[in-house]
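The values are calculated or read from the model by the stated rules, or taken from the named source; none is laboratory data. What you are looking at is a predicted structure, and each value in this text was computed from that prediction instead of being measured. Positions of Cβ are generated from backbone atoms using ideal geometry, with glycine treated the same way; all protein chains shown enter the neighbour counts. Ligands, DNA and RNA are excluded from the accessible area calculation, which covers all protein heavy atoms including side chains. Shrake-Rupley method; radii C 1.70, N 1.55, O 1.52, S 1.80 Å.
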Amino acid sequence: LQSTGRLLEEQLPEMMTELLAAVRDKMLCPTESQLTRSLLMEVIELHAHRWSPLEAITTQYYNRTIQKLTTTA
């Protein structure tokens, strides 16, 4: 979504609203894996940053978290 989120939001704002609502619902669902919830949180942050790249420290946080969750699973 980082590369297409802005375009989708401009072209189909209702669809983006529905997509983000689904992302929020899934992220808050306790039965979802930590990996899934982490990836969804990154999508929420990207939206909050208007689909611009996240700061390096934030990207590093997600990379470390995802690596940790995929190597221990």
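General remarks:
- Cβ-Cβ distances below 8 Å connect the following pairs, each with a first residue in the stretch 3-14 that is free of Cβ contacts under 8 Å to residues at least 60 places away in the same chain, a second residue that is loosely packed, with under 12 Cβ neighbours inside 10 Å, and a separation of six or more residues or different chains: ARG6/ARG50; LEU8/MET15.
- Failed item in (1) more than 13 Å from GLN2 (Cα to Cα); (2) open to solvent by less than 50 Å² (accessible area, probe 1.4 Å); (3) part of a helix (DSSP H, G or I), with GLU42 passing the rest: (1)
- Hits in the stretch 1-21 (condition: over 20 Å from PRO53 (Cα atoms), surrounded by 10 or more Cβ atoms within 10 Å (Cβ to Cβ) and among the charged types (D, E, K, R)): GLU18
- One residue from ARG37, ARG24, ARG50, ARG64 being of a type in the set (D, E, K, R), open to solvent by 40 Å² or more (accessible area, probe 1.4 Å) and in contact (Cβ under 8 Å) with a residue 24 or more places away in the chain: ARG50
- Number of the exception - THR70 against (1) surrounded by 13 or more Cβ atoms within 10 Å (Cβ to Cβ); (2) assigned to a helix (DSSP H, G or I); (3) touching a residue at least 12 places away in the same chain (Cβ under 8 Å): (1)
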